[in-house]
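Worksheet: the structure to be examined is printed underneath.
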Amino acid sequence: MKLVSMIERVRIASTEPDHFDNMCDCICYMHFLNQPLNLGMFVPAIEVGGKWEVLEMPNKFEDWMMGAYFPSSKSHIKQLEQYQQAKDTVLFEGFEVEKNIYIRNGLLTTFFLRGNEIWEINRKFKTISDLIKYAPTLTAKGQELSGLNK
């Protein structure tokens with residue numbers, strides 16, 4: 001499911017039978033759209049000391065997810081679980097980090113690669129609503145938090 005404008009969300013809600021519940025959903029969606037963007041919405045990342053760090057996929061992660069790998073060390077189990085938790089909170093599909101975080105003109109900047117486009121957070125995009133015209137695909141978590149999965 002793609003991210004939609006607030007106007008489109010209200011239009012959809014107005015065509016459904018229970019207008020009161022649907023308007024409440026629209027208010028929740030408005031709050032969703034006004035959230036400031038962060039790295040963890042695009043790629044598996046964690047916030048450490050106020051800074052976002054991209055997590056690399058741990059060795060054997062795919063096997064572990066399918067139940068075909070059983071790590072023996074507690075540190076590897078922790079690494080696998082941390083990556084899974086971060087992956088589960090990603091809101092948008094199809095993003096990779098091209099360059100990590102750095103400072104440009106005094107602003108914290110993060111670049112993402114999406115196909116052949118480069119998106120620059122904290123410059124062009126500040127909130128989720130800034131992404132609407134690009135219609136990024138929402139993950140299951142993104143659909144759940146936006147209320148668009150109803």
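Taking the stated definitions as given, is GLY49 within 22 Å of the chain's Cα centre (by Cα), among the small types (Gly, Ala, Ser), at pLDDT 80 or above and on the phi > 0 side of the Ramachandran plot? Outline the logic, then answer.
Values: within 22 Å of the chain's Cα centre (by Cα): yes; among the small types (Gly, Ala, Ser): yes; at pLDDT 80 or above: yes; on the phi > 0 side of the Ramachandran plot: yes.
The answer is yes for GLY49.
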Subset of the stretch 4-40 [more than 21 Å from PHE92 (Cα to Cα), part of a helix (DSSP H, G or I) and among the hydroxyl-bearing types (Ser, Thr, Tyr)] = SER14
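Tell me which residues, restricted to the stretch 53-83, are assigned to a loop (DSSP other than H, G, I, E, B), crowded, with 16+ Cβ neighbours inside 10 Å and modelled with pLDDT of 75 or more. Steps first, answer last, please.
Filtering the stretch 53-83 for residues assigned to a loop (DSSP other than H, G, I, E, B) gives 55-60, 66-73.
Filter once more, keeping what is crowded, with 16+ Cβ neighbours inside 10 Å: 55, 58, 71.
Within the stretch 53-83, LEU55, PRO58 qualify.
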Identify all residues within the stretch 30-52 that are surrounded by 15 or more Cβ atoms within 10 Å (Cβ to Cβ) and either in contact with a Lys or Arg (Cβ under 8 Å, 6 or more places away or on another chain) or more than 21 Å from VAL4 (Cα to Cα) (or both); write none if there are none.
-> LEU37, PRO44, ALA45, ILE46, TRP52
Inspect all residues belonging to the stretch 84-104 and state whether any of them is over 28 Å from ARG9 (Cα atoms), modelled with pLDDT under 90 and in a helix (DSSP H, G or I).
-> yes
Answer with yes or no whether LYS141 is within 12 Å of the chain's Cα centre (by Cα) and either basic (Lys, Arg) or modelled with pLDDT under 70 (or both).
-> yes
Any pair with Cβ under 6 angstrom, 6 or more apart, that starts in the stretch 18-39 at a residue that is farther than 21 Å from PRO136 by Cα and ends at one that is surrounded by fewer than 13 Cβ atoms within 10 Å (Cβ to Cβ) = ASN22/GLU16
Among what's in the stretch 6-22 and is of a type outside the set (D, E, K, R) and surrounded by 13 or more Cβ atoms within 10 Å (Cβ to Cβ), pick the residue that is modelled with the lowest pLDDT.
-> ASN22
Any residue in the stretch 26-43 that is at pLDDT below 90, of a type in the set (Val, Ile, Thr) and closer than 27 Å to LYS133 by Cβ?
-> yes
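Would you pick out the residues in the stretch 108-138 that are at pLDDT 65 or above and part of a strand (DSSP E or B)? Break it down stepwise before answering.
So in the stretch 108-138, the residues at pLDDT 65 or above come out as 124-138.
Residues satisfying the conditions are PHE125, THR127, THR137, LEU138.
The values are calculated or read from the model by the stated rules, or taken from the named source; none is laboratory data. Source: prediction; values computed, not measured. Note that we place each Cβ from the backbone using ideal geometry, even for glycine, and neighbour counts take in every protein chain shown.
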